[in-house]
Amino acid sequence: MAVLRTAEENFVNLPDFRYEPRYLIVSTGTSIPPVRMHYIDEGPPDADPVVLLHGQPTWSYLYRHVIAALVANGHRVIAPDHIGYGRSDKLTEPTNYTFARHVGWMSSCFTELDLQRATLVVQDWGGPIGLSALAAMPQRFDRILATNTILHTADPSLAGRLEWAVHGVDDGRVVLQEALVDYLQFYQRAPRIVPSMFVDALEGPLPDAVKAAYDAPFPDPSYTAGLRQMTALLPLTRNDPGAAIARATMQALREWHKPFLTAYSDGDPATRGWETVFAQEVPGAAGQPHVTIAGAGHFVQERRGVELAGVVHEFIGATR
């Protein structure tokens, strides 16, 4: 198995990102050998941890303003990079990345860090991966905050509840939003993919230095196998292996009575509707002051990071 590590000099002088890199070895317990995962760990070491999980195509750099604001309020903040992203190891064979392995790597991270009384904050693919890892060790977490994330099962009960449709119908058919299919196909067919093109399109215009920071982990296409493959792992049918994982995770969330808050932006049609699904399905979401963050798109941390940090801080204070 070929593994690449982005050179450290690629991460020198990134705007607003002077955090010390930390590393741990994670394993899925399968045929894939252990790999190295990068994470940020800032703030008082004896404080209860706030775990920030990014999605695709970003890395922990997305949370730079959230990290700073939370640390300023006395929180310990942990922000890992998924395998294939950021400073974490990058497997060069696309098929070595699976939904189950991403969950396994993150589960290994939670165990190695021995998380206790943690708050989990998830966005984009951070949701399916992080929530599925949490489902196997709920005792490590005290609360969950979901922002602009999904948990696709393609279940027929999702019909009419999501702005971007992904649901099965009778006779083995499925209804899919055309924009979603276009997005997934673009990721497989485009000759070159870099994160900044998507973050800038949705939250820009961004300064050139910020765009370069998003792209820093991927100096050439050989580093982008995980970046491309994650879109191919999105469950689109009930038969997808990822849909089975998502169903099990959703069932675990239906038994989650600890606090669960949604803080979705008002400008992200790709995830709109999931905030209502979670609020209706998760017992711990009942009675919570769910938030809509105005003036942001999919990458709410980029445009409204300090505001999101304030929501996290208030949520922890109100439910401690």
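The values are calculated or read from the model by the stated rules, or taken from the named source; none is laboratory data. Everything quoted here is computed from the prediction, not taken from an experiment. Methodologically, a virtual Cβ is constructed for each residue, glycine included, from the backbone with ideal geometry; neighbour enumeration extends over all protein chains shown.
Okay, residues lined up against (1) in contact with a Phe, Trp or Tyr (Cβ under 9 Å, 6 or more places away or on another chain); (2) among the basic types (Lys, Arg):
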residue	(1), (2)
Thr98	no, no
Asp124	yes, no
Pro138	yes, no
Arg143	yes, yes
Ala154	no, no
Trp164	no, no
Gln188	no, no
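So that you can scan it fast, the table gives a plain yes or no per residue for (1) modelled with pLDDT under 95; (2) buried (at least 20 other Cβ atoms within 10 Å of the Cβ); (3) more than 22 Å from Asp142 (Cα to Cα):
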site: Asp266; (1), (2), (3): no, no, yes
site: Val282; (1), (2), (3): no, yes, no
site: Ala285; (1), (2), (3): no, yes, no
site: Phe299; (1), (2), (3): no, yes, yes
site: Arg303; (1), (2), (3): no, yes, yes
site: Thr319; (1), (2), (3): no, no, no
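Within the range 60-100, which residues are assigned to a strand (DSSP E or B) and out of contact with any Lys or Arg (no Cβ under 8 Å at 6 or more places or on another chain)? First the steps, then the outcome.
Going through the range 60-100, the residues assigned to a strand (DSSP E or B) turn out to be 76-80, 90-91.
Selection gives Arg76, Val77, Ile78, Ala79, Pro80, Leu91.
Give me the residue from the range 199-238 that is touching a strand residue (DSSP E or B) at 6+ places or on another chain (Cβ under 7 Å) and farther than 25 Å from Leu180 by Cβ and, out of that set, surrounded by the most Cβ atoms within 10 Å (Cβ to Cβ).
Taking the range 199-238 as the starting set, the residues that turn out to be touching a strand residue (DSSP E or B) at 6+ places or on another chain (Cβ under 7 Å) are 222-223, 225-226, 236-238.
Still in the list and also farther than 25 Å from Leu180 by Cβ: 222-223.
Numbers: Ser222: 11, Tyr223: 18.
So the residue we want is Tyr223.
Hey, any hits in the range 140-152 for a residue that's in a helix (DSSP H, G or I), basic (Lys, Arg) and either touching a strand residue (DSSP E or B) at 6+ places or on another chain (Cβ under 7 Å) or modelled with pLDDT under 95 (or both)? Spell out the reasoning first.
Going through the range 140-152, the residues in a helix (DSSP H, G or I) turn out to be 140.
Checking the rest, the ones that are also basic (Lys, Arg) come to 140.
Keeping just the survivors that are either touching a strand residue (DSSP E or B) at 6+ places or on another chain (Cβ under 7 Å) or modelled with pLDDT under 95 (or both) gives 140.
The answer is yes; a qualifying residue exists.
Go through (1) closer than 25 Å to Tyr183 by Cβ; (2) surrounded by fewer than 23 Cβ atoms within 10 Å (Cβ to Cβ) one by one and return the number of the condition Tyr63 breaks.
(2)
All but one of (1) within 22 Å of Thr111 (Cα to Cα); (2) in contact with an Asp or Glu (Cβ under 8 Å, 6 or more places away or on another chain); (3) free of Cβ contacts under 8 Å to residues at least 40 places away in the same chain hold for Ile25; state the number of the condition that does not hold.
Failing condition for Ile25: (3).
Can you name every one of the helices (runs of 4 or more DSSP H) wholly within the range 226-320 that holds 2 or more residues which are among the small types (Gly, Ala, Ser)?
Working: elements: 241-253, 274-281, 300-319.
In the range 226-320, 241-253, 300-319 are the helices (runs of 4 or more DSSP H) which contain 2 or more residues that are among the small types (Gly, Ala, Ser).
Yes or no, residue by residue, for (1) modelled with pLDDT under 95; (2) under 21 Å from Arg36 (Cα atoms); (3) of a type in the set (A, V, I, L, M, F, W, C); (4) touching a Pro at 6+ places or on another chain (Cβ under 9 Å):
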site	(1), (2), (3), (4)
Ala68	no, no, yes, no
Asp81	no, yes, no, yes
Ser88	no, yes, no, yes
Gly104	no, yes, no, no
Ser107	no, yes, no, no
Thr111	no, yes, no, no
Ser132	no, yes, no, no
Leu158	no, no, yes, no
Val169	no, no, yes, yes
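Among the residues of the range 186-240 satisfying the criterion of being more than 19 Å from the chain's Cα centre (by Cα) and aromatic (Phe, Trp, Tyr), which is farthest from Ala270 (Cα to Cα)?
Out of the qualifying residues, it is Tyr223.
Do you know which residues across the range 4-59 are assigned to a helix (DSSP H, G or I) and either among the acidic types (Asp, Glu) or in contact with a Pro (Cβ under 7 Å, 6 or more places away or on another chain) (or both)? Write out each step before concluding.
Kept after step one, since they are assigned to a helix (DSSP H, G or I), are these residues of the range 4-59: 8-11.
Hits for the range 4-59 are Glu8, Glu9, Asn10.
Just one of Ala159, Ala154 is among the aliphatic types (A, V, I, L, M), over 30 Å from Asp46 (Cα atoms), in contact (Cβ under 8 Å) with a residue 12 or more places away in the chain and in contact with a helix residue (DSSP H, G or I) (Cβ under 9 Å, 6 or more places away or on another chain); which is it? First the steps, then the outcome.
Working: Ala159 fails: in contact with a helix residue (DSSP H, G or I) (Cβ under 9 Å, 6 or more places away or on another chain).
The conditions single out Ala154.
Could you look through the range 287-297, keep only residues that are surrounded by fewer than 22 Cβ atoms within 10 Å (Cβ to Cβ) and in contact (Cβ under 8 Å) with a residue 60 or more places away in the chain, and pick out the one that is farthest from Ala246 (Cα to Cα)? Reasoning before the result, please.
The initial filter retains those residues of the range 287-297 that are surrounded by fewer than 22 Cβ atoms within 10 Å (Cβ to Cβ), namely 287-295, 297.
This time we only want the ones that are in contact (Cβ under 8 Å) with a residue 60 or more places away in the chain, so: 293, 297.
On the way: Ile293: 26, Gly297: 24 Å.
So, considering only residues that are surrounded by fewer than 22 Cβ atoms within 10 Å (Cβ to Cβ) and in contact (Cβ under 8 Å) with a residue 60 or more places away in the chain, the one farthest from Ala246 (Cα to Cα) is Ile293.
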